Amino acid sequence: MLHDPLAATLSNVLNAERVGKREVLVKPASTMIKTVLRIMNEHNYLGSFEESVDERGGSLKINLLGNINNCGVIKPRFSTKWNEFEKWEKRHLPAKDFGILIVSTSRGIMTHTQAKQHAIGGRLLAYCY
């Protein structure tokens, strides 16, 4: 039983990147995991991914580009205001404007820069650089 499927997914992706694989298969596939992977795809950390559906939650086949230095989840999932993102950038990212924090907001899952533009806070989910 997985306690945190997002953490398991990002761990599998990072391990496959470090070994040098070109693709990785992760299970299970949830809407939140697909949204986080889509955001990472938009920022050119991952290639495309496709979902295969079965009765056990489905799986995702992710194409890797080799662009990830580090990624992971933020535990516990801290609540933060829109003007406090700089504190979390200093803690989880190596430099200013290098990498992304992924945030779950009332308007959906987005990056911290998008949340700053919309002036909304949320819960921190993951980081990637």
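The values are calculated or read from the model by the stated rules, or taken from the named source; none is laboratory data. Not measured: the values here are computed from a predicted model. Positions of Cβ are generated from backbone atoms using ideal geometry, with glycine treated the same way; all protein chains shown enter the neighbour counts.
Among the residues making up region 64-83, those that are surrounded by 14 or more Cβ atoms within 10 Å (Cβ to Cβ) and not in a loop (DSSP other than H, G, I, E, B) are Leu64, Cys71, Gly72, Val73, Thr80, Trp82.
In this structure, Ser59 does not qualify as of a type in the set (Gly, Ala, Ser), more than 14 Å from the chain's Cα centre (by Cα) and surrounded by fewer than 13 Cβ atoms within 10 Å (Cβ to Cβ). Filter region 20-45 for residues that are in a helix (DSSP H, G or I), of a type in the set (A, V, I, L, M) and within 14 Å of Ile62 (Cβ to Cβ); which is nearest to the chain's Cα centre (by Cα)? In this case the residue turns out to be Val36. Considering region 4-38, and only residues there that are of a type in the set (Gly, Ala, Ser) and touching a residue at least 24 places away in the same chain (Cβ under 8 Å), the residue that is surrounded by the fewest Cβ atoms within 10 Å (Cβ to Cβ) turns out to be Gly20.
When region 93-115 is filtered for residues that are surrounded by fewer than 19 Cβ atoms within 10 Å (Cβ to Cβ) and either farther than 14 Å from Ser79 by Cα or without any contact (Cβ under 8 Å) to a residue 12 or more places away in the chain (or both), the ones remaining, listed by number, are Leu93, Pro94, Ala95, Lys96, Asp97, Phe98, Arg107, Gly108, Thr113, Gln114.
Answer yes or no as to whether Val36 is at pLDDT 95 or above, hydrophobic (A, V, I, L, M, F, W, C) and in the same structural domain as Asn12 (by TED's automatic domain parsing).
It is true that Val36 is at pLDDT 95 or above, hydrophobic (A, V, I, L, M, F, W, C) and in the same structural domain as Asn12 (by TED's automatic domain parsing).
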